[in-house]
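The structure appears below as structure tokens.
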Amino acid sequence: MARTLFGTDGIRGMANEGAMTPEIAFKIGAGITYQLRQRVKHPPRVIIGKDTRVSGYLLETALAAGVCTWGGRVMLSGPMPTPAIAHLTTSMRADAGIVLSASHNPFADNGIKIFGGDGFKLPDDAEAQLERLIEDGALEKGRPTGKDVGRAERLDDARGRYVAFVKQTFPRDLTLEGLKVVVDAANGAAYRVAPAVFAELGATVIPIGVEPDGYNINEECGAVHPECCARAVREHRADLGIALDGDADRVIVVDSEGKEVDGDVVMALCATRMLREGTLRKGTLVSTVMSNLGLERAIESAGGRMVRTAVGDRYVVEEMRKNDYNFGGEQSGHMIFLDHASTGDGLVAALQLLAMVLREQHPLADLASKVMTRVPQILVNAKLPARRPLEEMPATLKAIRSAEVELGKSGRVVVRWSGTEPKLRVMIEGEDETRIEQLANDIADEAKRELASA
């Protein structure tokens, strides 16, 4: 079944229009609870969390009403990271968890992410079934009444529960005493929990991006703008910086020199050490088609292998679960340590990296500079007037194939539609940066011409 509401990471769009209206949120809450009533004998228990966007008030209320409409019990956590809701869903034995967040998008957007009772995001087919249920009118009939109508309550200790969980993923024989760490929470969901985690483990914390006002989430801060964290690291002469995105499911690290350490380098550092220790299950790292070729070569040089998936941390997790792998992630900073968490968690990932740095007893800058040799990579985002399947764009396909032939085995070409924005993303890797930039622009220009003439 095709999905029209859901993209690569739940539903996302401009709040209060299109797919992100309170009417849709109400139906999502009702649909999830209706489905749960077919499987559980008790009133379904659903945890709802959100980030700091002003539209969270609007949509949280609608979601909760939808759950109550079908007799569900809602537990509202308030602003909490996406991975916190995944954890709380399992630890509190809830039947589902819902997060209101548009992740790294500007404040005017919002989104809906859904976790099953096992703490994992819903697969594509489950999202399609939910859409079909919303469309076929079943939610309008047979609603419970009287004492069977649902209710909502505040989950007052959600923050403490999550902080305790994250801290226990850090090795007990280590401490962050003596480390000065900049923590940039992007004025988002982790603005309280992130500084607390590092401080309680002993670090001296310089918190930034911890004053949300409903409108400043991701604004010139956080993982989307790591230069803000980098400035603070240099200014305070910190040992490193941790930059989270709006819902804290991904992290970009900054070393003591103020240089960005992206997800590929973090994966290279952690995976090569896990290979050495024998803890990388099946000797395999899972990443996406967007990860740099240098990462793949680094893993192979260390005696392991890398498996690629479609873009989206959900697809990384699905591949990991299907084949019993325990570590994967994305260049953008999603890191999934499946031995600790069921989804990408920026705080858990940062602590795993810090543990590795402490054990190695070398500055992060030194370790990062040696772990992999990055192949030049160009990403061009072409905003186009309309979407069309690539297989229906012959001129663009011809340009793609021409670039692939020219690069041969020394490079890669990845062209895909964004799952969250109306953009065609053209990524090319190769040894000659000037040439791959030209090839990427050629493909993007061809796509613009082809759609303009349609």
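The values are calculated or read from the model by the stated rules, or taken from the named source; none is laboratory data. Remember, predicted model here, so these are calculated numbers, not experimental data. Here the Cβ positions follow ideal geometry from the backbone for every residue, glycine too, while neighbour counts run over all protein chains shown. When the accessible area is computed, the model is the full protein with side chains, heavy atoms only, and any ligands, DNA or RNA have been set aside. Shrake-Rupley method; radii C 1.70, N 1.55, O 1.52, S 1.80 Å.
All conditions but one from (1) surrounded by fewer than 23 Cβ atoms within 10 Å (Cβ to Cβ); (2) in contact with a Phe, Trp or Tyr (Cβ under 6 Å, 6 or more places away or on another chain) apply to Val286; the one that does not is (1). The strands (runs of 3 or more DSSP E) located wholly in region 154-259 that include 3 or more residues which are under 26 Å from Gly312 (Cα atoms) and out of contact with any Ser or Thr (no Cβ under 8 Å at 6 or more places or on another chain) occupy 240-244, 251-254. Within region 29-58, the set of residues being more than 19 Å from Glu131 (Cα to Cα) and open to solvent by less than 10 Å² (accessible area, probe 1.4 Å) comprises Pro44, Ile47, Ile48, Gly49, Asp51, Arg53, Gly56. Let me confirm something: among Thr61, Thr90, Thr21, Thr82, which residue is closer than 19 Å to Thr343 by Cβ, surrounded by fewer than 24 Cβ atoms within 10 Å (Cβ to Cβ) and either of a type outside the set (Gly, Ala, Ser) or without any contact (Cβ under 8 Å) to a residue 60 or more places away in the chain (or both)? Checking each option against the conditions leaves just Thr90.
When region 171-185 is filtered for residues that are open to solvent by 10 Å² or more (accessible area, probe 1.4 Å) and either within 21 Å of the chain's Cα centre (by Cα) or of a type outside the set (A, V, I, L, M) (or both), the ones remaining, listed by number, are Pro171, Arg172, Asp173, Thr175, Glu177, Gly178, Lys180.
Within region 289-316, the set of residues being open to solvent by less than 20 Å² (accessible area, probe 1.4 Å), in contact (Cβ under 8 Å) with a residue 40 or more places away in the chain and not in a helix (DSSP H, G or I) comprises Ser291, Asn292, Gly312. The requirement of being in contact with a Gly (Cβ under 8 Å, 6 or more places away or on another chain) and either closer than 24 Å to Arg412 by Cα or of a type in the set (Val, Ile, Thr) (or both) is not satisfied by Ser369.
Lys322 meets the conditions (1) open to solvent by 40 Å² or more (accessible area, probe 1.4 Å); (2) touching a residue at least 60 places away in the same chain (Cβ under 8 Å); (3) in a helix (DSSP H, G or I) in every case but one. The failed one is (2). A single entry from Ala203, Ala268, Ala238, Ala199 fulfils the requirement of being more than 16 Å from Asp345 (Cα to Cα), surrounded by fewer than 23 Cβ atoms within 10 Å (Cβ to Cβ) and of a type outside the set (Lys, Arg): Ala199. Of all residue pairs spaced 6 or more apart or on separate chains, those with beta-carbon atoms under 6 Å, a first member in region 139-151 that is open to solvent by 90 Å² or more (accessible area, probe 1.4 Å) and a second member that is not in a helix (DSSP H, G or I) are Asp148/Gly71.
Condition check for Leu358 on (1) free of Cβ contacts under 8 Å to residues at least 60 places away in the same chain; (2) of a type outside the set (D, E, K, R); (3) farther than 21 Å from Gly411 by Cα: one failure, at (1). Candidates Arg314, Arg305: the one that is within 21 Å of Phe115 (Cα to Cα) and not polar (S, T, N, Q) is Arg314.
Set side by side, the residues Ala189, Ala199 differ, and just one is out of contact with any helix residue (DSSP H, G or I) (no Cβ under 9 Å at 6 or more places or on another chain) and modelled with pLDDT of 95 or more, which is Ala199.
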